There are 4 protein chains.
Amino acid sequence: MANLLPALMQVGNAEIVAVCDASRERAARAARVAGTDRVYVDYLELLDSGEIDAVVLACPPSVHYDVALAAMARGVHVFAEKPPCITSGQLATLIDAANKSACVTGVGLNFRFATPVLRLREVVASPRFGPLVHFEIRHPANKPKAPMWEADTTLRSFLLAQAIHSIDLALLLGGECVEAESEVRAIDDSLLVRIHFRFEGGASGTVLTGNIFPYFDLELMAVGARSSVVALDKMWNLTVKDAEGDAVFGLADAKRWRSEWHPSPLDSGYARSGYLGELQRFFDAIERGEAFPADFRAMQPTYRVIDLVTASVRTQSLPEAVHG
Amino acid sequence: MANLLPALMQVGNAEIVAVCDASRERAARAARVAGTDRVYVDYLELLDSGEIDAVVLACPPSVHYDVALAAMARGVHVFAEKPPCITSGQLATLIDAANKSACVTGVGLNFRFATPVLRLREVVASPRFGPLVHFEIRHPANKPKAPMWEADTTLRSFLLAQAIHSIDLALLLGGECVEAESEVRAIDDSLLVRIHFRFEGGASGTVLTGNIFPYFDLELMAVGARSSVVALDKMWNLTVKDAEGDAVFGLADAKRWRSEWHPSPLDSGYARSGYLGELQRFFDAIERGEAFPADFRAMQPTYRVIDLVTASVRTQSLPEAVHG
Amino acid sequence: MANLLPALMQVGNAEIVAVCDASRERAARAARVAGTDRVYVDYLELLDSGEIDAVVLACPPSVHYDVALAAMARGVHVFAEKPPCITSGQLATLIDAANKSACVTGVGLNFRFATPVLRLREVVASPRFGPLVHFEIRHPANKPKAPMWEADTTLRSFLLAQAIHSIDLALLLGGECVEAESEVRAIDDSLLVRIHFRFEGGASGTVLTGNIFPYFDLELMAVGARSSVVALDKMWNLTVKDAEGDAVFGLADAKRWRSEWHPSPLDSGYARSGYLGELQRFFDAIERGEAFPADFRAMQPTYRVIDLVTASVRTQSLPEAVHG
Amino acid sequence: MANLLPALMQVGNAEIVAVCDASRERAARAARVAGTDRVYVDYLELLDSGEIDAVVLACPPSVHYDVALAAMARGVHVFAEKPPCITSGQLATLIDAANKSACVTGVGLNFRFATPVLRLREVVASPRFGPLVHFEIRHPANKPKAPMWEADTTLRSFLLAQAIHSIDLALLLGGECVEAESEVRAIDDSLLVRIHFRFEGGASGTVLTGNIFPYFDLELMAVGARSSVVALDKMWNLTVKDAEGDAVFGLADAKRWRSEWHPSPLDSGYARSGYLGELQRFFDAIERGEAFPADFRAMQPTYRVIDLVTASVRTQSLPEAVHG
């Protein structure tokens, strides 16, 4: 809620009518921040109140699942923080329910809408970049280190809590996935996950992720058919280079000049991280009667990959000194 | 208001009760965002309503001045975006009024409270850094290019709108200023401003700023007496190095290892830019009955420097091709 | 020769006695640079002259092969720029000959000895880094785009001329390789090569390379079992981070501080690129009667990987607009 | 000699005929590296030998002075590592002698010829950059910390050994200097030196240097009249930006795109550091009968600035804890 609530408060065509939380105190605190005095502890009561058109959920996935079904049954649009549910089976149920209702649904995959990712996607989509040949996503993370929610393993918890972002971006960049392979290595409670994708358009891509890293980052690199490369680092530095080169001011040594983009030093708010963009787009979709791009249905390939990865774990212990 | 309003909405101990704007429509829009339905077009009416303890102002400086005086006369605390007023004389009047009232006052100099600046100040204050010897602030900007508000010149407008930040940081880092010199060059509507400070503690410092640059940035570099250097770039990259060195993992070649800090790739909201920190600190000061560090009185040395700089302008025209 | 000859001139225990080139003029020019007047156009004559203890070869690989055999037959030590030969069969013959002679042999894989790579290897070998879990090497290149030497395909030419570096580094970092898989994609004359390694010690690693990129680079990234990461970029920036963190000067926010190494701004000569290190080490090996680490025998796993990769090519044409 | 000798060996139109050193052993060692067996311990004997056209000196400045005079008296061209002498008076004598002879003279100010500095100068000279308005050079250094050679103070030693580089670059960038001011602060054996220049063309510039820093660097930043900025960092990263912007591939957000240049990851040898360029240019000048740009005469403004700076020292002791 640290990011979603303030971002939501800035969405032009959304008004926060009420806040619901099993803890009335927590609900009241959020309501105060949100500038409302309507507080609920029972979500069914809220959904039945007729006061709201849409719900934005930031709960454990099992609660997302239950509330989403109840909401859609009542024609209330649903935006759920990732993950919307634990299993592919649950996702199928959510999609069914969405199909039967006229509801717009959405999942909080903020990186899709993060400014630097949007910039990178503009580059990849530009004619000069050429058709996408290959991309690599590195998504180092340092948690979770134990199972959470109702997920049965640390691996599935990690995939649902973290890797869902990089898998989603991979599928977004590559398009229709025709083949995926994965390798998981577990060293005590530390996981290293590698996924390789092949896409219908001919492109390939990889994701390297895991909770074994000392920090979080999300790095993207893509290669185009015209000898073009774009790379994003720390959600901050975007560099672009192609074979035609671009010496500054028409000077010599074109081969060694690159173009670099980064956010304003004063970049503030929820646009760079994507929280504002995803919510704004969700409420725009409701207003226009369109689908939201990251809706429940769009999650199906991602859950398929998550299922694939959970099947490929291999536990190992490393010798104390490989380099002795 | 793009940053202040959403930041204000996140301050724990502040509640937005009402919004006032000469345009009722603009006021209503902001009120909707802020989650209130109390809207005013006449600030005196608002101040007299008894509904509020404090006002947060984001107006032209002449309005800041009028409203601040009216507010303090009624015991209402005042936080004004920079600049709080145009002239040193007006500032003196504001300080007088503040002294006579029990009001907490504050000026919106967000960079003081920006996370990367706070980190830099921690480094400078640490014993290992040693006493501050010298600092350099580079504050490139690209506007304003014409006089604005009631300021009589582009230069004064620029100083009040932009350079106020870097001058404030200079005085914050250096302490009691015992001498300042400045040089201003005007090339058409483009200004280059250099200020040199000498401080009581023995340190020196410079500010290089102007509207002649193609972008905005705020770079800080400081040297300590123990051969230590800290540098901040793009409000993002902070690097630290001293003579003792710090080879990673105890390895060799200590001289070439540095420490680097940067915000999280996911850094979101209004902390990095300082908007949240300044407002939170202002409302904490009210709650605790303390002064706010960047209050009206604290602006006096900054306005003295601004006056100094406005006296040192020198217009010139550059030959078309110095390097012909 | 642009790098090898001047580097060789700086090796302490080597003296350039004579220069041999099929073009007498070219030989004479190099001899002048090298400070000798002994010039040969027939390498057999040189080898039979009894004047030299070792030869340093920078020729096409078929010449390397012939000269190396002739040299070893005469007890002359051999250092050959990469690649020493075209095929694995030729390599086996070279190794046989080396075994039968008492000659020290060496192949010019300069990146092994490049200062930033040595630094990275120190980090990976340090106890605090922990056992190596995974590494990724990115080796973008932009040539060759056509077959060269006697290699039958652009792919094999590329592998022998360029990827030999990254494959060698991969095997150096990982140790005994127990499994390798590769994928090659050919888009017109542009190649993208991916290789995945699994090593006896338990580590895995990947190489991404090809001539499809707009520039040359060699980036290395390694993950250790103790949540440690080291990354090298542009043979210039090395960053290290582990879970224990290292806030500078004992300050807060340890998680966001990293250590960074880069060469001196004045870094000059042939050490950073490894040309000096490899030759110095080769002549030290001769002096001490030891083997040189990158000798003919040590190339066998590398050629095995090259053979594997050449078998995995897949030509494709990309649709004009994947992102249409 | 670590850089000059190997660089010299690569100069096309120079041949190393003999080596002279007061220590015969040292001379012999260098001669071996240089590929000659002509060794001298008495420089007059060498100069009288008739064997050489030019001398390249890397000695203490007093030896530079004596040998240069003796060489010019015999019509032998002279290239001396910086500094060529200790005092302005000595420099005047050297210039007189050069005028009387037909000798080409040169001083080893390698940074003038360093590849990244040449790139920066190309940018500054390009019409799109516009006339130079202001530049800043930061030249942190960490030695010498005690007087060396016959220089009477640490300050003069530092200026002759180190700051001579940045002062020379300042005068090179700015042109005819019409005014210079300096401030020196001495904290124990640590110096901080600031120099401000005003140039005939209208530009201004500053140098910040000293031995108080924990490392060596040479950073240049220049501002042009067309809102253009070029900055060089670590002799490695060059970035350029102007108001017209340059969004990559014609995309949006032009304001936030910059151009960046850096050397090849494989950059090797003595070009980037300027040692090769200065020597090549010196021998070209001899061959063409031209003057070398950094000759004895060209040093006069630099020595004038050095004299100015030595007159402006101010010793101080900083309180133990400015930030207590």
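The values are calculated or read from the model by the stated rules, or taken from the named source; none is laboratory data. Here the structure is a predicted model, which is why all the values come from computation and not from measurement. Every residue, glycine as well, gets a Cβ built from its backbone with ideal geometry; the counts of neighbours run over all protein chains shown. For accessibility, only protein heavy atoms count, side chains too; no ligands or nucleic acids. Shrake-Rupley method; radii C 1.70, N 1.55, O 1.52, S 1.80 Å.
Quick one: would you say residue B:317 is within 14 Å of chain A (Cβ to nearest Cβ) and either modelled with pLDDT under 90 or in a loop (DSSP other than H, G, I, E, B) (or both)? So residue B:317 does not fit the description; no. Kindly check whether there is at least one residue in region A:70-80 that is open to solvent by 20 Å² or more (accessible area, probe 1.4 Å), among the aliphatic types (A, V, I, L, M) and free of Cβ contacts under 8 Å to residues at least 12 places away in the same chain. Looking through region A:70-80, none of the residues is open to solvent by 20 Å² or more (accessible area, probe 1.4 Å), among the aliphatic types (A, V, I, L, M) and free of Cβ contacts under 8 Å to residues at least 12 places away in the same chain. For region A:265-286, taking the residues that are facing another protein chain (nearest Cβ under 7 Å) and closer than 14 Å to residue B:275 by Cβ, the one that is surrounded by the fewest Cβ atoms within 10 Å (Cβ to Cβ) is identified as A:266.
Within region A:234-264, restricting attention to residues that are within 14 Å of chain B (Cβ to nearest Cβ) and over 19 Å from residue D:238 (Cβ atoms), the residue that is nearest to the chain's Cα centre (by Cα) is A:235. Of note, residue A:249 does not satisfy the criterion of being among the aromatic types (Phe, Trp, Tyr) and surrounded by 20 or more Cβ atoms within 10 Å (Cβ to Cβ).
Scanning region C:83-124 for residues that are open to solvent by 30 Å² or more (accessible area, probe 1.4 Å), of a type in the set (Gly, Ala, Ser) and part of a helix (DSSP H, G or I) gives C:88, C:89, C:92.
In region C:201-228, of all residues being open to solvent by 10 Å² or more (accessible area, probe 1.4 Å) and of a type in the set (A, V, I, L, M), the one that is farthest from the chain's Cα centre (by Cα) corresponds to C:225. In region A:1-52, counting only helices (runs of 4 or more DSSP H) that sit wholly within it, the ones holding 2 or more residues that are more than 30 Å from residue A:114 (Cα to Cα) and in contact (Cβ under 8 Å) with a residue 12 or more places away in the chain span A:43-48. Here is the figure for region D:253-264: residues that are open to solvent by 20 Å² or more (accessible area, probe 1.4 Å) and small (Gly, Ala, Ser) total 2.
Considering region D:8-20, and only residues there that are in contact with a strand residue (DSSP E or B) (Cβ under 8 Å, 6 or more places away or on another chain) and surrounded by 19 or more Cβ atoms within 10 Å (Cβ to Cβ), the residue that is farthest from the other protein chains (Cβ to nearest Cβ) turns out to be D:20. In region C:163-177, the residues that are assigned to a helix (DSSP H, G or I) form Cβ pairs under 6 Å with partners that are hydroxyl-bearing (Ser, Thr, Tyr), at six or more places apart or across chains, as follows: C:163/C:209; C:166/C:209; C:167/C:302; C:168/C:302.
Residues of region A:70-97 that are more than 19 Å from the chain's Cα centre (by Cα) and either within 23 Å of residue A:16 (Cβ to Cβ) or within 14 Å of chain D (Cβ to nearest Cβ) (or both): A:70, A:71, A:72, A:73, A:74, A:75, A:76, A:77. Scanning region C:125-163 for residues that are of a type in the set (A, V, I, L, M, F, W, C), under 29 Å from residue B:251 (Cα atoms) and either open to solvent by 10 Å² or more (accessible area, probe 1.4 Å) or more than 14 Å from chain A (Cβ to nearest Cβ) (or both) returns a single hit, C:125.
The rows are residues; the columns are (1) touching a residue at least 24 places away in the same chain (Cβ under 8 Å); (2) part of a strand (DSSP E or B).
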site	(1), (2)
A:205	yes, yes
A:222	yes, yes
A:230	yes, yes
A:252	no, no
A:259	no, yes
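How many residues, within region B:185-195, are part of a strand (DSSP E or B) and either surrounded by fewer than 21 Cβ atoms within 10 Å (Cβ to Cβ) or at the interface with chain D (Cβ under 8 Å from one of its Cβ atoms) (or both)? Qualifying residue count for the region: 6.
Summed over region C:31-46, residues that are more than 8 Å from every other protein chain (Cβ to nearest Cβ), buried (at least 18 other Cβ atoms within 10 Å of the Cβ) and not hydroxyl-bearing (Ser, Thr, Tyr) total 3. Could you tell me which numbered condition residue B:87 fails, if it satisfies all but one of (1) modelled with pLDDT under 95; (2) more than 24 Å from residue A:33 (Cα to Cα)? So the condition that residue B:87 fails would be (1).
Of the residues making up region C:207-219, just one is part of a loop (DSSP other than H, G, I, E, B) and more than 8 Å from every other protein chain (Cβ to nearest Cβ), namely C:211. Among the conditions (1) touching a strand residue (DSSP E or B) at 6+ places or on another chain (Cβ under 8 Å); (2) among the aromatic types (Phe, Trp, Tyr); (3) closer than 23 Å to residue C:117 by Cβ, residue D:236 misses just one, which is (1).
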